[in-house]
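Written below as structure tokens is the structure these notes are about.
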Amino acid sequence: MHEINFIDDTFDLKHATEYHLSIQVGLDGFSYCILDIRHKKFILLQHIPLIVGKLQFLPKKMEAIFDQDERLSASYQSISVSYSTNKATLVPKTYIDSELVGKIAELTNDISRNEDYAINELPGFNQQLLFIYPKELMTLLNRKFTQFSFIHKSVPLLASAMDQRDEKKNTLLINFEKQTVRMIAIKDMQIALYNNFHFKNEDDFLYYTLNICHTLQIDPQRDELLIGGYVADDSGYIRQLKKYVSNISFLKPSAGSFYSNTFDKVQQHQFVSLLNSFQCV
């Protein structure tokens with residue numbers, strides 16, 4: 001994904017107290033958008049690709065971006081930060097004991113002394129999402145912002161899928177990320193699969209997708225696939241997928257908001273988790 005910077009004519013930093021700032025960050029880049037809350041209109045979208053080998057180096061890259069962009073230092077009405085990491089695990093809601101959750105985090109993820117974990121609710125599901133993040137990242141965010149919501153990227157992604165999916169069908173949600181594809185299967189209104197897969201080419205992608213459909217009995221002709229993330233709607237991955245799957249749709253931003261006409265230059269399913277994060281705070 002190349003760098004983008006779309007700004008509506010109505011954007012005015014002097015009115016930041018009437019705006020919501022949404023930030024999304026991970027190895028696949030640093031993105032943020034600004035919503036004019038009063039007019040329910042998104043008026044700014046920026047994406048900055050990052051070259052970061054390991055997540056522990058991410059906070060320093062972020063700090064450099066904060067120092068260079070005055071728009072990230074304004075006093076907004078509200079702020080949300082969504083973090084993209086593959087170190088994430090579904091945990092039943094019944095597991096609310098902090099000591100037990102901590103043990104689950106250690107058993108399911110390789111946690112270093114410089115990392116911590118957070119838990120997000122998943123409305124409508126009987127699971128919650130546990131994910132790992134660098135402690136230095138939280139230190140940076142606390143230094144920059146007085147108050148903010150901190151969520152995993154999958155939270156608005158799932159919320160978008162629940163708004164758009166056909167409840168009478170099984171759903172496989174596929175989100176393209178940097179060198180990985182996140183796949184979430186929803187059956188009987190619950191999450192049947194949550195996983196990430198590394199892929200190098202179209203054959204890898206098709207293998208994972210069709211194998212999941214077969215294993216979970218998701219019918220490629222009757223059920224639905226929802227696509228989001230960093231993939232073009234006319235890419236080879238999508239063309240190949242259409243040979244085997246009939247019902248393919250791209251995730252859409254919330255219909256409850258307006259979008260600057262400058263956003264027409266980007267396929268909005270690529271930033272749907274960022275644009276819809278406001279609804280999850």
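Relative contact order, whole percent, for segment 104-219 stands at 15, derived from Cα pairs under 8 Å and 6 or more residues apart.
With a cut-off of 15 Å between beta carbons, the residues surrounding Lys61 carry a summed charge of -2, where Lys and Arg count +1 and Asp and Glu -1.
Count the DSSP beta bridges whose two residues both fall in the chain, then state the antiparallel fraction as a percent rounded to the nearest 5.
If I count the DSSP bridges inside the chain, around 65 percent turn out antiparallel.
Across segment 162-174, computed HN-Hα scalar couplings (Karplus, 6.51 cos²θ - 1.76 cosθ + 1.60, θ = phi - 60°) run 5, 6, 9, 5, 8, 5, 7, 10, 6, 10, 10, 8, 10 Hz from first to last residue, x flagging Gly and Pro.
Kindly state, to the nearest 0.05, the FRET efficiency for Glu106 paired with Lys252, given R0 = 22 Å and r defined as their beta-carbon distance.
Once rounded, the FRET efficiency stands at 0.05.
Using C-alpha pairs below 8 Å separated by at least 6 residues, the relative contact order for segment 165-250 is 31 percent. Listed values for segment 198-213 are Karplus-derived 3J(HN,Hα) couplings in whole Hz (6.51 cos²θ - 1.76 cosθ + 1.60, θ = phi - 60°), namely 7, 9, 10, 8, 5, 5, 4, 4, 5, 4, 4, 5, 5, 5, 5, 4, and x replaces Gly and Pro.
Can you give me the Cα centroid spacing of segment 246-281 and segment 132-199 in angstrom? If we compute the Cα centre of each part, the gap is 15 Å.
What is the sum of charges, Lys and Arg at +1 and Asp and Glu at -1, for the other residues whose Cβ falls under 13 Å from the Cβ of Tyr259?
Cβ neighbours under 13 Å give a net charge of +1.
Computed across segment 165-250, the Kirkwood hydrodynamic radius from all distinct Cα-Cα pairs reaches 12.8 Å. Note that segment 257-268 has calculated 3J(HN,Hα) couplings of 10, 9, 10, 3, 5, 5, 6, 4, 7, 10, 6, 5 Hz, one per residue in order, obtained from phi through the Karplus relation 6.51 cos²θ - 1.76 cosθ + 1.60 (θ = phi - 60°); glycine and proline are x.
Taking every DSSP helix (H) stretch of at least 4 residues in the chain, weighting each as -39,500 (n - 2.57) and dividing the sum by the residue count yields a mean residue ellipticity at 222 nm of -7000 deg cm²/dmol.
Size of the dipole of segment 165-250 about the Cα centre, Lys and Arg at +1 and Asp and Glu at -1 on the beta carbon, nothing else charged, in debye to 20? The calculation lands at about 20 debye. Our note on the geometry: Cα centres of segment 90-127 and segment 1-66, 28 Å apart. Computed about the Cα centre, the dipole magnitude for the chain is approximately 140 debye when only Lys and Arg (+1) and Asp and Glu (-1) carry charge, each at its Cβ. Computed on the chain, with alpha-carbon pairs under 8 angstrom and 6+ residues apart, the relative contact order is 19 percent.
Every number in this text was worked out from the coordinates using simple rules, so none of it is lab data. Source: prediction; values computed, not measured. A quick note on method: Cβ atoms are made from the backbone with ideal geometry, for glycine too, and the neighbour counts reach across all protein chains shown.
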